Structures are given as structure tokens and as C-alpha cells.
């Protein structure tokens, strides 16, 4: 495929669609049109940023367009799998917002559709793919800066912004549970940095600790997991909706990586010690103890996905990896809820 990529959008219910589109536009893709059900809270902001592209009244208008290569999806989480399947059956590749599915049955249907169609089903795990500190950390680990990775600790706190959230945000069936929704990010990073193909969940819990008026909300969750086979690796994940209002970011996302010869700490979005901006990386090993400003390291996922669409390759993220991330997130959610 030598021509430029054209993309359509199905669902704008989560603001992640803004960066999904922007990053693909940055690598040359054209937004051909978009569809969304009703009037989601994101609508005004979306039309302000991307209103030059036409809104269609039926998804089929995009899916039946032979000139569209890629479908971006940020609908309500419960609806994403069905839209992804419909897009792939129409011959389109897909980039979904996380979570890409909310039930094991949806995941199995997605696996079968990828097998049947040969299309790409990818998830933009933004806490890895949209963070330049993660890009630089990946490079440092590949260079041997901290030896073999033996553990990751991923923290994903978020600000609730209760008054701005749509109704579906508080309905467990619709958002999938906190471990499926948020912790899929940290599972992705665990597998990526340990190099593991699979893992076992040794512990998982969810709770509503402080929002009795919203019984469907899970405001806290945690997972302990261990890599299967190979060189091993341990992981701990904590996600929550308790980011304080004074923090100048939606959350203090942090990742700690322990290696046999050093450590890395990523403060992705803010440094409460006072350094400006995000993408703060701290490296300590046998010869170095330093802060690295990782801004400028790049976000290769989007260029790689564009190349994968053209070349039918798997350089952005393997299909096996995205399936495994969602499989583990769903398993952790089921373990946590079954233990209550």
C-alpha cells in the first residue's frame, strides 16, 4: 500500500480518541469521517478539534468505504469489541482505546475474527505508547543499563472528576471493572519490560472504598502477577480513582523497574519535586545515578502501526501480546470479584 492511510472513527465516548487521532495524523494518516452514538460529553471538544471531517449517521458509511484502511474506536468500553469485529469483517484494521473488550466471550470472538479475517486488532495502551519516558526506558533496558528485569511496580492513580463523568462510567457492566479498564495498561507494561509471553495472577482485589453513592464504581484495585517460563519476573499493580485535586495532572502515573544491575523509575506525567513537565526518568546502576528528561524520545507505536497496516507485519505490537494483556486483565478482574 503506497498511498497514504485513511482512517475513520467509531465512537468518541472517551477523550483518548483525541490523541489516537492526533498521533495517527502526525504520521500522515487522514481522518476521513467519524460516527458516534448520540451526544457524548466529548462531542463539543471533538468537533472543535476535528470538525473538518464529516460526521456520518451510520457506521456502514465508513465501513463500506474501500478507501478507509484503519478504524479508531473509543466507544463505551462494553461496545468496543462488537464495533471492532464489525470493522475487521469489513476488511479494516482496528486501533481501539483500552480496554478493547470487557468479557471473556468478547475476547474469544475477537480472536476468532482476527483468525478469520487476517486483520490487525490493536489497542493503544496510552500509558506506554503515548509516553516518551517509556520509549527511553525501553531503549535503556535493551542497551543493558539495568541488566535483566526482575520486577515491575506499576501505579495508575486517576482523578475521578465525579461531576464530569457520564452515566456509563459508574456501571460495572459497561466499563468492565477497574482492573480491565485501567490495569490493562500496567499488565501491558509488565509483559513488555519483562519480555514475558504469559503470566499467572497470584492475587487480585477490587473495592469501592470511598464512594457509597456510586455502588457500581470500583475506586481501588490491585494485582500481583508472575511471569511464566523463560527468565521469570514479578509484578505488582495498583490502580485507583484517588488523585488529589492539587496535583497538576490527572494522575501521578509511575513505573518502577528493578533489574539485576540497576533500577529505573518513571514519573510519566508530573514530578511533585518541582521539575517542569512530564517524562521524568531516573536511572541508577553501578556507575550512574541521574535524572533523565525523556522528552523527545519519540512515540514509535503510531509509525509502526502505519507500517504494519501497509506491510501486514507486527512491529507495533504483536497480536499475541494484545490478546494476552486482555486475557490477564479479565482473569484478574474475575479473581478479584470472585473473592469478594
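FYI, it's all coordinate maths here, none of it is from the lab. All values reported here derive from a predicted model rather than from experimental measurement. Reconstructed Cβ throughout: ideal geometry from the backbone, glycine too, with neighbour counts over all protein chains shown.
Worth pointing out:
- In this simple spin-label model, placing a label point 7 Å from the Cα along the Cα-to-Cβ direction at both residue 49 and residue 30 gives a separation of 2.2 nm.
- Relative contact order of the chain, defined on C-alpha pairs under 8 angstrom at six or more residues apart (%): 18 percent
- Just checking the listed ones, 228, 92, 48: in the Gaussian network model of the chain with Cα springs under 10 Å, the one fluctuating most is 48.
- Look at where the Cα atoms of the range 170-246 and of the range 276-337 average out, and the two centres are 16 Å apart.
- Taking a quarter of the surface of the Cα convex hull of the range 57-99 gives a mean projected area of 2.8 nm².
- Packing around the peptides 165-177, 148-160, taken as the average count of other Cβ atoms within 10 Å per residue, puts them in this order, highest first: 148-160, 165-177.
- Protection proxy ranking, peptides 325-333, 67-75, 206-214, average beta carbon neighbours within 10 Å, highest first: 325-333, 67-75, 206-214
- Rel. contact order, % - alpha carbon contacts under 8 angstrom, at least six apart, the range 103-257: 29 percent
- Distance between the modelled labels on residue 284 and residue 209, one decimal in nanometres: 2.5 nm (7 Å Cα→Cβ projection).
- Averaged over residues, the count of other Cβ atoms within 10 Å places the peptides 178-187, 192-201 in the sequence 178-187, 192-201, highest first.
- Cubic angstrom per residue, convex hull over Cα atoms of the range 248-340: 189 Å³
- Volume in Å³ per residue [convex hull over Cα atoms, computed for the range 63-148]: 133 Å³
- Per-residue Cβ neighbour counts within 10 Å put 143, 132, 337 in the sequence 143, 337, 132, beginning with the fewest.
- When the helices of the chain are scored as -39500 (n - 2.57) per DSSP H run of n ≥ 4 and the total is divided over every residue, the value at 222 nm lands at -10000 deg cm²/dmol.
- Here the extension length gained between residue 273 and residue 173 equals 32.1 nm, from 0.36 nm per residue of separation less the Cα-Cα distance.
- Across the range 6-124, the relative contact order, built from alpha-carbon pairs under 8 Å that are at least six residues apart, equals 27 percent.
- Note on the chain: along the principal axes its Cα atoms extend 57, 51, 41 Å, ordered by decreasing extent.
- Taking only the Cα atoms of the range 6-124, the ratio Rg/Rh comes out at 0.94, with Rh defined as the Kirkwood radius.
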